[in-house]
Amino acid sequence: MKYGLEGIKKSFGRQTVFDGLDFDFSKCGLYLIKGESGSGKTTLLNIIAGYEDFDGGKRVIEKGTKIAYIFQTYELINNLTVAENIDLFENLYHITFDKKQEIIEILGLQDIMDHYPDECSGGQKQRIGIARALMMDPEIIICDEPTESLDMENKQNVMELLTTLAKEKIVLLASHETELIEKYQPAVYEIIDKKLQSNDEIDNEVVEAKDVLLPKPDQKYLKKIIRKILHHSSIVQLLIILVIALTALVSLQTYFTIFKPIESLKILNSYEIYIEVTNDDEENPVRVPGERIVKFDNIILDGRKYRINVVPIVTNNEELEFYGQKEINGNEIIINQNVAKVLMDSQGVSKEKLIGQEMNLSYKIDFFSNEDTFEIAGIVYEDDVQNVLQVYYSNDYFKQTRSISEDMDYYVYHSDSKNIENDYYRFSKNTQLETTNLFVENMERINNEMGIFELVFKAVVIVIFTTLLIYTIYSLKKQWRQVSGNLAIIASCLVLLSKIKSSYIKEKFKELIIIDIVLMGESLLYLLLIGNRGIEINAGVIIVLNIIYLVMLLINIRSIKDYEIATILKDDKDN
């Protein structure tokens, strides 16, 4: 049975590493690959292992051949103990190597089996990596600088072990420590001019594949390992994403609660526009399309003059809250809460005492001053941000008791909900008129006051959402860089990448489900407590987050392939 490479070509960009390289390693024995730094020793080993692609030529490896790789950079899974790292192949396939304990003792690992890789020295990590590779009982053992981090005693122990194994296995070894290794009489190959050259020959027997199919890996154990790999980084990542996402949702919900559009204000005579002609031109008199009404004078209470709007009640808004009567006749009046407060403060009485009190109001008709006595019949509570004082009298009062002079220049114009703003601004543009409507004026003031605050708040919401999206992408990418190396290590234990990817995806889906449950629970709580305003955008945020999560997961999963394992492991160390 032949094992080898035929006419291999490999380039990195414009740099050619191999140009028609041949290598026959069909016979068992110890093969030493030499070469200057950068000549491609590690690349050659990666191609043999199937961890790196090549541009041309042929890789001849019998299907089912077990290849174990002793990595220069150890490639241990830090979330697993030393014992779990060494037993990775055994626990996945439930196959025990009969020389397991012997190898552990030769490598001097028996006293650190319950330690974690981070607690071990570089030399110990190197020996752990060697032990893990040998537990697979492979036909081919690939060693990249296996003695580099070891002291002299352990260098000799490792080389003696590899030399013993080489009697019945293929041991391919790349190293700068050629003097040490040549003592063990390997077949020496050297990379020269982009090809592999050697004058040595091996007379050993050809290695035959054992033709033993591996059972399917233990899915429960595979999930357990991946869960351990993800555990720490996933918990931190998950918590941060949840905190930012919840902050984003709450800020969005707060925005819709604070800045919900004000469709109406509860004010009596909401759609009545009061118009006073202030600068009439005799040659071009102003024509106001409205009903003439009486203009009342200011009121003096406790020596202080108050400007009070005294107007006839035209519409009675059923949504308004009243204390006392809602409807009036004759000389009865309704005052709003602002007038009631002034009267209660000045007299030191309660609102109950105001009902039935008399109030003298003065006005002019035909240039003559008049004063009438009115009785307070009720108090109306209006929406008002300007603390305007309003008194409402019966619309029929002056029709029955006084004549409305044609010389009076105060009018009420009756508009409606659809046209009130257009009508108000149409009259306001006329410089000869002074126009008043509490509904439009209050709406305008509210919008002006809220405008800047809303803009700032909106900017904050946008920043939070941008942070959520950027962090989600960044954290998933960063975690993948850390995790992909560990998944590649599992793949080096002959586990199909499709199985590894499947288990990884399932674990990541669990994280996404947790995120969705928390965010949808918060949105449901908001819906129950506040209402459905903005709930569509809440749902949109959750959907976008899911899409980003799934797209990043798909990109990550598709980025790992068998022939890119070497690149993934290198990237894992670089990051």
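The values are calculated or read from the model by the stated rules, or taken from the named source; none is laboratory data. Worth saying up front: this structure is predicted, and the values here are computed from it rather than measured. Cβ: placed from backbone, ideal geometry, glycine included. Neighbour counts: every protein chain shown.
Observations on the structure shown:
- Condition met for Lys10 (in contact with a helix residue (DSSP H, G or I) (Cβ under 7 Å, 6 or more places away or on another chain), over 16 Å from Ser198 (Cβ atoms), in a strand (DSSP E or B) and without any contact (Cβ under 8 Å) to a residue 60 or more places away in the chain): yes
- Condition met for Val380 (assigned to a loop (DSSP other than H, G, I, E, B) and in contact with a Leu (Cβ under 7 Å, 6 or more places away or on another chain)): no
- Selection of the range 97-136 for residues being more than 22 Å from Pro217 (Cβ to Cβ) and among the small types (Gly, Ala, Ser) yields Gly108, Ser121, Gly122, Gly123.
- Of the helices (runs of 4 or more DSSP H) lying entirely inside the range 491-575, those containing at least 3 residues that are at pLDDT 80 or above and under 18 Å from Ile225 (Cα atoms) span 497-529.
- Lone unmet requirement of (1) loosely packed, with under 13 Cβ neighbours inside 10 Å; (2) of a type outside the set (A, V, I, L, M, F, W, C); (3) under 23 Å from Ile241 (Cα atoms) for Ser475: (1)
- Only residues that are small (Gly, Ala, Ser) and crowded, with 18+ Cβ neighbours inside 10 Å were counted across the range 407-442, and they come to 1.
- Among the residues making up the range 1-22, a single one is of a type in the set (Phe, Trp, Tyr) and at pLDDT 95 or above: Phe18.
- Residues in the range 427-459 that are touching a residue at least 60 places away in the same chain (Cβ under 8 Å), polar (S, T, N, Q) and farther than 25 Å from Leu320 by Cβ: Asn430, Thr431, Gln432.
- Residues within the range 112-143 that are within 42 Å of the chain's Cα centre (by Cα) and assigned to a helix (DSSP H, G or I), tallied: 15
- Test set (1) crowded, with 17+ Cβ neighbours inside 10 Å; (2) modelled with pLDDT of 80 or more - Glu291 fails condition number: (1)
- Of the residues making up the range 27-45, just one is assigned to a helix (DSSP H, G or I) and in contact with a Lys or Arg (Cβ under 7 Å, 6 or more places away or on another chain), namely Thr43.
- Checking the stated criteria, Val250 turns out not to satisfy the condition of being free of Cβ contacts under 8 Å to residues at least 12 places away in the same chain, over 27 Å from Ile490 (Cβ atoms) and either out of contact with any strand residue (DSSP E or B) (no Cβ under 6 Å at 6 or more places or on another chain) or crowded, with 16+ Cβ neighbours inside 10 Å (or both).
Yes/no per residue for (1) touching a residue at least 40 places away in the same chain (Cβ under 8 Å); (2) over 18 Å from Asp24 (Cα atoms):
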| residue | (1), (2) |
| --- | --- |
| Met135 | yes, yes |
| Glu139 | yes, no |
| Glu148 | yes, yes |
| Gln156 | no, yes |
| Met159 | no, yes |
| Glu182 | yes, yes |
| Lys195 | yes, no |
| Ser198 | no, no |
| Val207 | yes, no |
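- So Glu148, is it surrounded by fewer than 22 Cβ atoms within 10 Å (Cβ to Cβ), modelled with pLDDT under 95, assigned to a loop (DSSP other than H, G, I, E, B) and not aromatic (Phe, Trp, Tyr): yes
- Restricting the range 503-514 to residues that are under 20 Å from Leu469 (Cβ atoms) and in contact with a helix residue (DSSP H, G or I) (Cβ under 6 Å, 6 or more places away or on another chain), the residue that is surrounded by the most Cβ atoms within 10 Å (Cβ to Cβ): Lys508
- Qualifying positions in the range 74-111 - buried (at least 19 other Cβ atoms within 10 Å of the Cβ), of a type outside the set (S, T, N, Q) and in a loop (DSSP other than H, G, I, E, B): Tyr74, Glu75, Leu76, Ile77, Leu80, Asp87, Leu107, Leu109
- Some residue of the range 318-338 being in contact with a Ser or Thr (Cβ under 8 Å, 6 or more places away or on another chain), over 25 Å from Tyr363 (Cβ atoms) and assigned to a loop (DSSP other than H, G, I, E, B): no
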